[in-house]
1. Could you tell me how many of the residues in the stretch 99-127 are touching a helix residue (DSSP H, G or I) at 6+ places or on another chain (Cβ under 8 Å) and among the acidic types (Asp, Glu)?
2. Within the stretch 125-149, can you find the residues that are buried (at least 18 other Cβ atoms within 10 Å of the Cβ) and more than 28 Å from Leu291 (Cβ to Cβ)?
3. Can you pull out the residues in the stretch 168-213 that are buried (at least 23 other Cβ atoms within 10 Å of the Cβ) and touching a Lys or Arg at 6+ places or on another chain (Cβ under 6 Å)?
4. Check off (1) outside any helix (DSSP H, G or I); (2) touching a residue at least 40 places away in the same chain (Cβ under 8 Å) for Phe175 and give me the number that stays unchecked.
5. Determine whether Thr124 is assigned to a loop (DSSP other than H, G, I, E, B) and touching a Lys or Arg at 6+ places or on another chain (Cβ under 9 Å).
6. Consider the stretch 186-215. How many of its residues are closer than 21 Å to Leu237 by Cα and not in a loop (DSSP other than H, G, I, E, B)?
7. Is there a residue in the stretch 43-64 that is more than 20 Å from Leu291 (Cβ to Cβ) and free of Cβ contacts under 8 Å to residues at least 24 places away in the same chain?
Amino acid sequence: MITILLVSVSINSFAKDKAGLLIIAHGSPSKQWNQPVLDLENDVKSLLTEKQVAGFDEVRVALMEFTEPSIATVVKEMEAKGITKIYALPLFIAPSGHSVYDVPTILGLYYNKKMGDAIKGEGTKIVDTKVKITVGPSLHYGDVIKEILLERVKELSKDPKNEALVILAHGDNAFIPCWNSLTDEVGNYILAKTGIECFDKAFVEVGQSFAINGVSSILNVASKKDKVIVVGMYLSLGAKMITQGAGMVMMGRTVSSKQMLGGKNIVYSDKGLLPSKRITEWIVDRGIDWLNQ
């Protein structure tokens, strides 16, 4: 007598994993800030197609704060489309509270009560999903920042021997050694590639006074060279935007940054890291690395 054993097997156990590429940026109330980031979605899809990279079934951009598409919204939509694993790339300049704590907390990969309560208090939803999520590096990984800022400086440089450079960046007090190292590396790389002979840096948060930190760094190098080129190590904002409206109260009156700089020859880049094809290429390269692990 032959016994036939029937085994019930879930179809899902044979289903191929479906992968999603999630590009995460900070987000802003400003559409002008958000648009270059949102444009990356189609740019990355196009480059993946051009390079014939197979493996990502969904490519999406999500914004950490202020507006949709939020991280939680996009992950939920990916899950609804059958995505089973996600590679999340945080488009932050270097390690910071946002990339090390906030993004993993929102993704449900890290938790402490204080951090979770703070994020929920800001109206940000924590992701609740069965999708496996892997978080990749921030933009300091590789040469992409150096190469873009070199391009920004070359656009403004006319006579390198008589010019100086100042790099403005976010900075993060909890990670300041990393930010110091990164800005020094970028600055020295640009000097070596252009022939400019000196540079300084200043950590200036968006929305805070450029007059406090930026002016002193510019004056420092302006005393040595005839012209100062100022570039910003920010994702969607150029140095020019960071300086607009900056000033401080001195002896009972408001003094603008321009007045404090005393008519020095200062040229500000009006471009951030975006838009740049180099960012698109960096995202695709990191995605390929992950697919091939």
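The values are calculated or read from the model by the stated rules, or taken from the named source; none is laboratory data. Since we're looking at a predicted model, the values are computed, not measured. Cβ: placed from backbone, ideal geometry, glycine included. Neighbour counts: every protein chain shown.
1. Qualifying residue count, the stretch 99-127: 1.
2. If the condition is that a residue be buried (at least 18 other Cβ atoms within 10 Å of the Cβ) and more than 28 Å from Leu291 (Cβ to Cβ), then Leu149 is the only one that fits.
3. Thr183, Val186
4. Here Phe175 meets the rest and fails (1).
5. Criteria not met by Thr124.
6. 14
7. Within the stretch 43-64, not a single residue is more than 20 Å from Leu291 (Cβ to Cβ) and free of Cβ contacts under 8 Å to residues at least 24 places away in the same chain.
Residue-by-condition table, conditions (1) more than 28 Å from Leu237 (Cα to Cα); (2) in contact with a Ser or Thr (Cβ under 6 Å, 6 or more places away or on another chain):
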| site | (1), (2) |
| --- | --- |
| Glu79 | yes, yes |
| Phe92 | no, yes |
| Tyr101 | no, no |
| Lys114 | yes, no |
| Glu122 | no, no |
